[in-house]
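This report concerns only the one structure given below.
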Amino acid sequence: MPTSVLFIGGTGIISWSCVKAALAAGHQVTVLNRGQSRKRPVPDGAELVVADMHQPGSAAAALAGRSFGVVADFISYTPDQLQASVELLKGRTGQYIYISSAAAYRRWGLQPITEGTTLANPYWQYGRDKIACEEYLVGLIRAEDFPATIVRPSHTYDAAYIPTLGEWTDIARARAGKPIMIHGDGTAQWTLTHAEDFAFCFNALIGDWRAIGEPFQITGDEALPWNQIHTELAHAAGVPDPRFVHVPSDAILAADPDEGAGLLGDKAHSVTFDCSKVRRLAHGFRQRIPFSEGARQIVAWYDAHPEYQVINERYDRLCDSLVAKYA
């Protein structure tokens, strides 16, 4: 049944496709954000409310007197941010969908990962913050029957986002004939999910009472080694024979703690996911966009938008330094 949906965020890598899917399903969609997105403008048919959810009073004034059938929170990254959003909207929605992350999972246990896999991430603060947010919500569910649904995406991308460490820098290096740095030996199996495939499953959770009080992970079926992920991007960019240099993840951590934490706490591990739980609600789901097609979408988008072809000079220097050491 169509309902009113408030997207907190709504113009990000994942949420933009979810907004479009909700509109296509006939929902009345409101998007609350700062109104600054240029890559992904608010889709036609959605109401834009300009406010900053992380500034006290800004969202409260913008949403005064309003309630929604469903709230989808894509931008609460810490417990303090989540608590402020929940307290503002508690009693004003029938379902609060919180976007957590598969980075919350302990990565070195049994595969495939399910919703019952232990939550633990000693390496990456981002993952620990998502765990703390989930613990806060679970406490509300148990104590107050708060109508929360927890969603855990893994690595999700769209045409305007390159899902590698260097992003456009990696493609620029490939086109320039420079080696691309790949963490580990490049054989770790990694699950990439196109945002449109994610949105299909996410849309099935909107307004479904069976999803309330439950966690769901949403990913595609395809798990590719990092060597192949980089090869697909290079081929899409017109580079038939890309050069790779493999660098240990802990060496990247030592050289750049910000980049390395996300590797050891997430991308350095082979992971597969069992998404049968969400498929019980998202009937007929199948991964429609393999990464071979997604890579072509990415390169086509960036070639059509050269203003976003930005080389990260810091990352480029990091690659040059580590490639020289490990080539």
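Restricting attention to the stretch 101-110, the residues being more than 12 Å from Ile131 (Cα to Cα) and either surrounded by 21 or more Cβ atoms within 10 Å (Cβ to Cβ) or aliphatic (A, V, I, L, M) (or both) number 2. Within the set Val71, Val42, the sole residue that is part of a strand (DSSP E or B) and not assigned by TED's automatic domain parsing to the domain that holds His305 turns out to be Val71. Among the residues of this structure, Ala237 does not count as one that is surrounded by fewer than 22 Cβ atoms within 10 Å (Cβ to Cβ), in contact (Cβ under 8 Å) with a residue 12 or more places away in the chain and more than 24 Å from Trp301 (Cα to Cα). Scan the stretch 288-327 residue by residue and report those that are out of contact with any His (no Cβ under 8 Å at 6 or more places or on another chain) and part of a loop (DSSP other than H, G, I, E, B). Pro290, His305, Gln309, Val310, Ile311, Asn312, Ala327 - these are the residues of the stretch 288-327 that are out of contact with any His (no Cβ under 8 Å at 6 or more places or on another chain) and part of a loop (DSSP other than H, G, I, E, B). Annotation for the stretch 48-58: at least one member residue is under 30 Å from Pro257 (Cα atoms), part of a loop (DSSP other than H, G, I, E, B) and within 20 Å of the chain's Cα centre (by Cα).
Inspect all residues belonging to the stretch 93-111 and state whether any of them is assigned to a helix (DSSP H, G or I), free of Cβ contacts under 8 Å to residues at least 24 places away in the same chain, of a type outside the set (Val, Ile, Thr) and more than 30 Å from Pro306 (Cβ to Cβ).
No: zero hits.
For Glu232, are the conditions met, namely being over 18 Å from Leu165 (Cα atoms) and surrounded by 14 or more Cβ atoms within 10 Å (Cβ to Cβ)? Criteria not met by Glu232. Sub-6 Å Cβ pairs linking a first residue in the stretch 278-289 that is within 11 Å of Ile218 (Cβ to Cβ) and modelled with pLDDT of 95 or more to a second residue that is not in a loop (DSSP other than H, G, I, E, B) and not charged (D, E, K, R), at least 6 apart or interchain, are Val278/Cys201; Val278/Phe216; Val278/Ile218; Leu281/Ala204; Ala282/Cys201; Ala282/Ala204, ordered by first then second residue.
Within the stretch 59-94, the set of residues being out of contact with any Leu (no Cβ under 6 Å at 6 or more places or on another chain) and β-branched (Val, Ile, Thr) comprises Val70, Ile75, Thr78, Val86, Thr93.
Which residue, of Tyr77, Tyr98, is among the aromatic types (Phe, Trp, Tyr), surrounded by fewer than 19 Cβ atoms within 10 Å (Cβ to Cβ), closer than 26 Å to Asp258 by Cα and touching an Asp or Glu at 6+ places or on another chain (Cβ under 7 Å)?
Every option except Tyr77 fails the conditions.
Determine whether Arg314 is closer than 25 Å to Ala160 by Cβ, out of contact with any strand residue (DSSP E or B) (no Cβ under 9 Å at 6 or more places or on another chain) and outside the structural domain of Thr149 (by TED's automatic domain parsing). Yes, satisfied. All conditions in (1) under 17 Å from the mean Cα position of the chain (by Cα); (2) buried (at least 21 other Cβ atoms within 10 Å of the Cβ) hold for Met181, with the sole exception of (1).
For the stretch 112-140, a residue qualifies if it is among the small types (Gly, Ala, Ser), in a loop (DSSP other than H, G, I, E, B) and either assigned by TED's automatic domain parsing to the domain that holds Asp258 or out of contact with any helix residue (DSSP H, G or I) (no Cβ under 8 Å at 6 or more places or on another chain) (or both), and exactly one does: Gly116.
The values are calculated or read from the model by the stated rules, or taken from the named source; none is laboratory data. Predicted, not measured: the structure shown is a model, and the values here were computed from it. Quick reminder, even Gly has a Cβ in these numbers, built from the backbone with ideal geometry, and neighbours come from all protein chains shown.
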